[in-house]
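Student: Below is the structure I would like to discuss, written out as structure tokens.
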Amino acid sequence: MKPVEARVTLVQHTADPEELIAAAARLCYADHTDAILAQDPDGAGKFVAMLKKLGHLSPIEHASFTFLVEGVSRAMTHQLVRHRLASYSQRSQRYVRHAEFDYIVPPRLAGKTVDADGQAVDAVEYFRQTMELIADRYSKLSVALGASGEASNEDARYVLPNACETKIFITMNARELLHFFEERLCLRAQWEIRGVAEQMLAQAKEVAPSIFDGAGPKCIRAGRCPEGKMTCGQYAEIKLRYAGPQTRGQGEGK
């Protein structure tokens, strides 16, 4: 057992995604389609940027991206799977025994202490001890259930924590990815899923810069923070971080 951190790998993506998107969009207006697939990469990138500016986003759905995400918690993936226009394959706690599970430690515990029976105990150490206690209880419950694999795992897993490490494959089309980034890169998003979204964006942007140029929290597209009284108050800094050439210069909201 050990604490782990998120690792994201872009496993596969649509070949030449920007050229494909450009071809799909141009098909909508083409009298002749013999050479529709012969899209110049540089021209395709500029065309995709124009599509985004015009809000003509349906062609962007033709490109898809598959990520392997490891070292994340069940708490994180419970949020992730709320994004329904996606496909997921997650390691099972029913088919896989979790007697020695890795776990994710909330970073805000660092430097904190817990009052444990009148003694101040480092919060991260207390968290570690809790994970070990749960693992021990899981193993003993599994034995009590017959230690028979799937049949015992499915009931023993009820004591496993949200911090338990999991692994998941994610496939999203590019339009849904842009929406995912808008929601999960916001500073009000939970820290773990925000960190995963950062890694996903960095890797997707390497292979499809025109699609993901300016991708970021929803305030980038809106030109202001839409959270009202719940605003983080850092719109100017967020804009500098995420806004690409297509979005820089828009609105000066909160």
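Here is a yes/no grid of residues against (1) farther than 30 Å from HIS98 by Cβ; (2) of a type in the set (D, E, K, R); (3) touching a helix residue (DSSP H, G or I) at 6+ places or on another chain (Cβ under 9 Å); (4) not assigned by TED's automatic domain parsing to the domain that holds LYS205:
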site: ASP42; (1), (2), (3), (4): yes, yes, no, no
site: LYS46; (1), (2), (3), (4): yes, yes, yes, no
site: ALA49; (1), (2), (3), (4): yes, no, yes, no
site: LEU57; (1), (2), (3), (4): yes, no, yes, no
site: ILE60; (1), (2), (3), (4): yes, no, yes, no
site: PHE65; (1), (2), (3), (4): no, no, yes, no
site: VAL69; (1), (2), (3), (4): no, no, yes, no
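Student: Here's another thing I want to ask about it. Consider VAL121 carefully, then state whether it is in the same structural domain as GLN199 (by TED's automatic domain parsing) and at pLDDT below 95.
Tutor: Values: in the same structural domain as GLN199 (by TED's automatic domain parsing): no; at pLDDT below 95: yes.
Against the criterion (in the same structural domain as GLN199 (by TED's automatic domain parsing) and at pLDDT below 95), VAL121 does not qualify.
Student: What tally of residues in segment 5-51 results from selecting those that are surrounded by fewer than 16 Cβ atoms within 10 Å (Cβ to Cβ), in contact with a Leu (Cβ under 7 Å, 6 or more places away or on another chain) and under 30 Å from GLY71 (Cα atoms)?
Tutor: Of the residues in that region, 2 qualify.
Student: What is the one condition in (1) in contact (Cβ under 8 Å) with a residue 12 or more places away in the chain; (2) touching a Gly at 6+ places or on another chain (Cβ under 7 Å) that ARG157 does not satisfy?
Tutor: Here ARG157 clears every test but (2).
Student: Another one. Return yes when VAL72 is aliphatic (A, V, I, L, M) and over 28 Å from ILE168 (Cβ atoms) and no when it is not.
Tutor: Judged against the criteria, VAL72 is not a match.
Student: Can I ask one more? Show the residue pairs that are 6+ apart or on different chains and have beta-carbon atoms under 6 Å apart, the first residue being within segment 164-187 and touching a residue at least 40 places away in the same chain (Cβ under 8 Å) and basic (Lys, Arg), the second being in a strand (DSSP E or B) and surrounded by fewer than 20 Cβ atoms within 10 Å (Cβ to Cβ).
Tutor: Going by the 6 Å Cβ cut-off, the qualifying pairs are LYS167/GLU70.
Student: Closer than 15 Å to PHE212 by Cα and hydrophobic (A, V, I, L, M, F, W, C) - does that describe any residue in segment 24-38?
Tutor: Checked against the condition, which is being closer than 15 Å to PHE212 by Cα and hydrophobic (A, V, I, L, M, F, W, C), segment 24-38 yields no hits at all.
Student: Next question. Go through segment 212-239 and count every residue that is touching a Pro at 6+ places or on another chain (Cβ under 9 Å) and more than 17 Å from ARG184 (Cβ to Cβ).
Tutor: Final tally of qualifying residues: 1.
Student: Continuing with the same structure: Does at least one position in segment 227-240 carry a residue that is loosely packed, with under 15 Cβ neighbours inside 10 Å, within 22 Å of MET76 (Cβ to Cβ) and modelled with pLDDT of 95 or more?
Tutor: No, segment 227-240 contains no residue that is loosely packed, with under 15 Cβ neighbours inside 10 Å, within 22 Å of MET76 (Cβ to Cβ) and modelled with pLDDT of 95 or more.
Student: Within segment 39-81, how many residues are closer than 15 Å to HIS179 by Cβ, in a helix (DSSP H, G or I) and either without any contact (Cβ under 8 Å) to a residue 12 or more places away in the chain or of a type in the set (Ser, Thr, Tyr) (or both)? Give the steps one after another, and end with the answer.
Tutor: Applying the first criterion (closer than 15 Å to HIS179 by Cβ) to segment 39-81 yields 52, 55, 57-58, 60-61, 63-65, 79-81.
Next, only the ones that are in a helix (DSSP H, G or I) stay: 52, 58, 60-61, 79-80.
With the extra rule that they be either without any contact (Cβ under 8 Å) to a residue 12 or more places away in the chain or of a type in the set (Ser, Thr, Tyr) (or both), the set shrinks to 58.
Residues that pass the stated criteria total 1.
The values are calculated or read from the model by the stated rules, or taken from the named source; none is laboratory data. Remember, predicted model here, so these are calculated numbers, not experimental data. We place every Cβ from the backbone using ideal geometry, glycine too, and count neighbours over all the protein chains shown.
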